[in-house]
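> Below you'll find the structure I mean.
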Amino acid sequence: MHAYLFPGQGTQFPGMGKGLFEKSNLAQEYFKRANEILGFSITDVMFEGSAEDLKQTKFAQPAIFLHSFILAQTLGNEFKPDMVAGHSLGEISALAAIGSLDFESALKLIARRASLMQKVCEDENTGMAVVVGLYDVIVKDICSQIDGVVVPANYNALHQVVISGELKALNEACEKLRPGAVRVINLPVSGAFHSPFMKPVVEEFRLAVEETIFKKPICPIYQNVKGRPTENIELIKENLINQLTHPVMWRHTILHMIEDGANEFTEIGPGHFLRGLVRQINKIMKTNGIS
């Protein structure tokens, strides 16, 4: 069974999507529509902007969505997923690719999500860090011992966990984790995504989700909050909302997909981060990518 994966924030890069725009008339149409829907030229940011420009959540999220979704569309009838999953914002890319959201609705929802998350970034003194080389249970246990709010945000693989929280607590956790880890790296983000710090914007995002029309997808989506498959529209919406404050259960997602018959994973979008995680989780699994 063929599983498709859609990447999240952090995979953006200067010039992303430019080659796609230049070689595909269909891609040109989608990019032009995106500029009209967003009310600014996202293509200028993607094709000509700097890495610093693209780090901004308000640009990064729609840019990654566009790159992934348009790639999926250019595959035409070759895109025949048995199941899909998306990492963080990639979940909305996945939902659009399998027909649960139309292009305009998905892009508007991504833009709203990005705007709300950037707002929290500006209001809070928070950050994130990736811990490599320690079991996820150890990382979780050390975070629970810190005086302050710092929590696991992404359970990416058995030995790779992203933690998220207020800077003082985050830095303290990093110091405690560093001696046993292969490496601990502070990420270039100013927000504590997938943590309690996202609570102030949950209700605004809930309104955006409820105002969006969802359709039954053509195949199951394995969502971040539980890593389990669903085609139920109400559950899809609730999981999207809960994702803001809950960790991304990526390792569990991939394991459940494999348990359910996935034997090939294709990553659609910028970078190769997700297929690398699949190989960490299951070394013999067939992986490839379209970027």
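The values are calculated or read from the model by the stated rules, or taken from the named source; none is laboratory data. Note that the coordinates shown come from a computational prediction; the quantities given were computed from them, not determined experimentally. Here Cβ is always computed from backbone atoms with ideal geometry, including for glycine, and neighbour counts include all displayed protein chains. These area figures cover heavy atoms from the full protein model, side chains too; ligands, DNA and RNA do not enter into them. Shrake-Rupley method; radii C 1.70, N 1.55, O 1.52, S 1.80 Å.
> Which whole-number percentage describes the relative contact order of the chain, with Cα contacts under 8 Å and a sequence gap of 6 or more? Don't jump to the answer; show the numbers that get you there.
Working: 604 pairs, mean separation 67.9, N = 291.
Contact order relative to length: 23 percent.
> Please report the carbon-and-sulfur percent of the accessible area for region 36-77; probe 1.4 Å, protein heavy atoms only, DNA, RNA and ligands left out. Intermediate values should be presented prior to the final figure.
Values: 710 of 1630 Å².
Roughly 44 percent of what the probe reaches on region 36-77 is carbon or sulfur.
> Moving on to the next point. Among 265, 197, 47, which one moves the most in a GNM of the chain with springs linking Cα atoms closer than 10 Å?
47
> Excluding residues on the same chain fewer than 8 positions from residue 286, give the lysines whose Cα lies under 20 Å from its Cα.
Hits, sequence-local ones excluded: 80.
> Beyond 13 Å, what share of the Cα-Cα pairs of region 68-120 remains, rounded to the nearest whole percent? Intermediate values should be presented prior to the final figure.
On the way: 833 of 1378 pairs.
Summing the P(r) tail past 13 Å for region 68-120 gives 60 percent.
> Pull up the cross-link candidates among the lysines for residue 140, meaning alpha carbon to alpha carbon under 19 Å and not fewer than 8 places away within one chain.
Once the sequence-local lysines are set aside, what remains near residue 140 is 168, 176, 226.
> Please provide three numbers in whole Å: the alpha-carbon extents of region 117-162 along the principal axes, with the largest listed first.
Largest first, region 117-162 extends 32, 23, 11 Å along its Cα principal axes.
> Give me the three principal axis extents of region 144-218 from the C-alpha atoms, as integers in angstrom, largest value leading.
So the three principal-axis extents are 49, 30, 23 Å.
> How much accessible area does residue 207 have with a 1.4 Å probe, in Å² rounded to the nearest 10?
Residue 207 exposes around 110 Å² with every protein chain in place.
> Also, I was wondering about something else. Pick from 87, 272, 194 the residue whose mean-square fluctuation is largest in a GNM of the chain, springs joining Cα atoms under 10 Å.
Ranking 87, 272, 194 by mean-square fluctuation puts 272 first.
> How big is region 81-196 by the Kirkwood estimate over distinct Cα pairs, in Å?
Values: mean 1/r = 0.0653 Å⁻¹.
In region 81-196 this quantity evaluates to 15.3 Å.
> If you don't mind, another one. With a cut-off of 17 Å, note down the residues of region 107-122 whose backbone N falls inside the zone around a label point 7 Å from the Cα of residue 203 toward its beta carbon.
Within reach of a label on residue 203, which here means backbone N under 17 Å from a point 7 Å along Cα→Cβ, region 107-122 contributes 116-117, 120.
> So how many Å³ per residue does the convex hull of the Cα atoms of region 135-184 work out to?
Working: hull volume 3.0 nm³, N = 50.
Dividing the Cα hull volume of region 135-184 by its residues yields 60 Å³.
> Please compute P(r) over all alpha-carbon pairs of region 162-291, binned at 10 Å starting from zero, and give each bin as a whole-number percent.
Bin by bin from 0 Å, the calculated values are 11, 30, 37, 20, 2.
> Shifting gears a bit: For region 1-79, what D do you get in µm² per second when you plug the Kirkwood radius from alpha-carbon pairs into Stokes-Einstein at 10 °C and 1.306 mPa s?
Working: Rh = 12.9 Å.
Diffusion coefficient, whole number: 123 µm²/s.
> Stokes-Einstein diffusion coefficient for the chain at 37 °C in a medium of 0.692 mPa s, Rh from the Kirkwood formula over Cα pairs: what value in µm²/s?
Numbers: Rh = 19.0 Å.
The Stokes-Einstein estimate is 173 µm²/s.
> Which residue fluctuates most in the GNM of the chain (Cα springs below 10 Å): 225, 189, 161?
Looking only at 225, 189, 161, the biggest GNM fluctuation is shown by 189.
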